[in-house]
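In what follows, a structure is listed as structure tokens, so that the remarks can point back to it.
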Amino acid sequence: MKIGFIGIGAMGQPMLANLLKHGHQIVAYDVVEPALAGAVKAGATRAASSAAAARDSELVVTILPSSSHVEAAYLGPGGVLEGIGAGRLCIDMSTIDPSVSRRVAEAVTKRGARFIDAPVSGGVPRATDGTLAIMVGGDARDFEEARPVLAAMGANIIHVGPVGAGEVAKLCNNLVAGVAAVAVSEAFRIAEGFGVDPKILTDVISKSSGNTWVMEHMHPVPGLVGKAPSSRDYAPGFTTDLMAKDLGLVVNAARELRVPVVVAPAAQQALRLASSHGFGRKDFSSIYMFLRASSRESPV
Ligand code: NAD
């Protein structure tokens, strides 16, 4: 299939590589020249705009940082809407506000084309292996049509509901993961203060009710989990800034629905503070480095 691929960042680059590996032809576009050059080097054809990538392909895939970027890439000047042919399918794999997915879907539908949201989980390692979890919002027939393309990039592909529902599932997942990351870091800082060996505490928690995927795979204490970002100076992975963005999106969504949210805003603010102290482009498990105890001279 000839696929227009827009957004060749940390995730887009390996996802695009897997589509090429599965025999698809790629027409790529990114606003940043070195990112686009990377895609061309991998075997994609260069497009001059999102509109051109959409015009020259049978299906469009986008994976962009956040809501405003998706709106710009679809609805802005030179955007997908200007190039998309009637009946074509657009798959947005970014993590964004579900109401923006619905708004973009409406605009795409008005042009006679189709739109589904298909955000991903698993980070760069699983994007590279082609084993991402993909949660899809959209019409069931559009989901079935997209499935073979999604299967080139992911292993667990789940249809959640109508347009926007994939984003809702993704944001709920990241609420749990983001809060867990802060909680695990707090626990290990307290243990450290009491002189408890972090390896022994890891053994205890992993066999107890506090066990979590975040500790197993993204342990915040360096050296305990070889593949965790903490063991390579918190190189992302998934950045603190992106996790803070996702918690912000889920908190806003909850407020719109008048659902009380208590721990998600606290975790979001902890990550924001970490970001303003230089941890924004580090993996979000670096919140552990930020949560250092203050000096012994400080009053309790
Ligand atoms: P990134 O910043 O590395 O890449 C985004 C790319 O989009 C960049 O190359 C940027 O130049 C390009 N871009 C921005 N605006 C554009 C526009 N208008 N037109 C064309 N290109 C444009 O981000 P990423 O880490 O690849 O994340 C992408 C999305 O995937 C985000 O929504 C993120 O939350 C989600 N996600 C990321 C991870 C991860 O581990 N990095 C994991 C799961 C989900």
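The values are calculated or read from the model by the stated rules, or taken from the named source; none is laboratory data. Source: prediction; values computed, not measured. As a convention, Cβ positions derive from the backbone with ideal geometry for all residues, glycine included, and neighbour counts pool all protein chains shown. Protein only, heavy atoms only, side chains kept; ligands, DNA and RNA dropped before computing areas. Shrake-Rupley method; radii C 1.70, N 1.55, O 1.52, S 1.80 Å.
For every residue, the table says whether it meets (1) under 18 Å from residue 187 (Cα atoms); (2) not aliphatic (A, V, I, L, M).
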{"residue": "250", "(1), (2)": "no, no"}
{"residue": "256", "(1), (2)": "no, yes"}
{"residue": "267", "(1), (2)": "yes, no"}
{"residue": "271", "(1), (2)": "yes, no"}
{"residue": "279", "(1), (2)": "no, yes"}
{"residue": "284", "(1), (2)": "yes, yes"}
{"residue": "289", "(1), (2)": "yes, no"}
{"residue": "294", "(1), (2)": "yes, yes"}
{"residue": "298", "(1), (2)": "no, yes"}
Practice prompt. Quick one: count up the residues across region 102-124 that are open to solvent by less than 20 Å² (accessible area, probe 1.4 Å), within 16 Å of the ligand (Cβ to nearest atom) and in a loop (DSSP other than H, G, I, E, B).
Written response: 2
Fill in: Failed item in (1) among the charged types (D, E, K, R); (2) closer than 29 Å to residue 234 by Cβ; (3) touching a residue at least 12 places away in the same chain (Cβ under 8 Å), with residue 117 passing the rest
(2)
Discussion item. Name the residue that is farthest from residue 10 (Cα to Cα), counting only residues in region 127-162 that are within 16 Å of the ligand (Cβ to nearest atom) and either free of Cβ contacts under 8 Å to residues at least 12 places away in the same chain or small (Gly, Ala, Ser) (or both).
Written reply: 137
Worksheet item: Considering region 19-49 alone, what residues qualify as being within 14 Å of the ligand (Cβ to nearest atom) and of a type in the set (S, T, N, Q)?
Response: 49
Item to complete: Quick one: which helices (runs of 4 or more DSSP H) lie wholly within region 199-300 and hold at least 3 residues that are touching a residue at least 12 places away in the same chain (Cβ under 8 Å) and buried (at least 22 other Cβ atoms within 10 Å of the Cβ)?
Response: 240-256, 263-274
Item to complete: Could you please find all residues in region 50-69 being hydrophobic (A, V, I, L, M, F, W, C) and within 8 Å of the ligand (Cβ to nearest atom)?
Response: 63, 64
